[in-house]
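See structure below.
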């Protein structure tokens with residue numbers, strides 16, 4: 001059971017973990033011990049998440065979202081398998097919490113009358129400056 005907030009908790013069947021050998025330096029430890037964790041969360045099939053949250057989660061997950069609707073998170077930062085499991089779970093929780101927050105609707109506003117006047121005045125000044133550029137006619 002993975003707790004997201006007071007209302008949402010993910011069941012164990014929704015999460016699966018697999019362990020592989022981590023890449024990078026680490027000497028003999030990296031060759032012998034499977035410390036890297038691949039956490040898989042069946043987001044599409046999850047009954048605990050509402051549809052709008054799943055949509056936002058899909059956008060947030062990006063390429064971590066698989067074709068069958070699962071999120072795959074890989075953690076291989078530390079030499080400890082237990083710590084990598086914690087890191088992967090923390091990342092998943094943060095991602096789901098970010099998806100729970102609904103974005104604010106943008107309220108369309110109109111420019112004020114005085115700001116429109118200022119803009120047009122500035123344009124006319126600029127136009128005057130530009131019109132004064134060019135060839136100078138010789139005086140007779």
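Throughout, read-outs are computed from the coordinates displayed, never taken from laboratory work. Values in this document were obtained by computation on a predicted structure and should not be read as measured data. Neighbour counts are summed over all protein chains in view; Cβ atoms, including those assigned to glycine, are modelled from backbone coordinates with ideal geometry.
Kindly evaluate residue 85 against the criterion of being in contact (Cβ under 8 Å) with a residue 60 or more places away in the chain, under 30 Å from residue 31 (Cβ atoms) and not in a loop (DSSP other than H, G, I, E, B). Taking the combined requirement at face value, the residue satisfies it. Within the range 5-57, the set of residues being closer than 19 Å to residue 83 by Cα, assigned to a loop (DSSP other than H, G, I, E, B) and in contact (Cβ under 8 Å) with a residue 12 or more places away in the chain comprises 21, 22, 23, 24, 26, 33, 34, 35.
Candidates 122, 99: the one that is farther than 30 Å from residue 33 by Cβ and within 16 Å of the chain's Cα centre (by Cα) is 99. The set of residues from the range 94-140 being closer than 29 Å to residue 70 by Cβ and either surrounded by fewer than 10 Cβ atoms within 10 Å (Cβ to Cβ) or in contact with a strand residue (DSSP E or B) (Cβ under 7 Å, 6 or more places away or on another chain) (or both) comprises 101, 102, 103.
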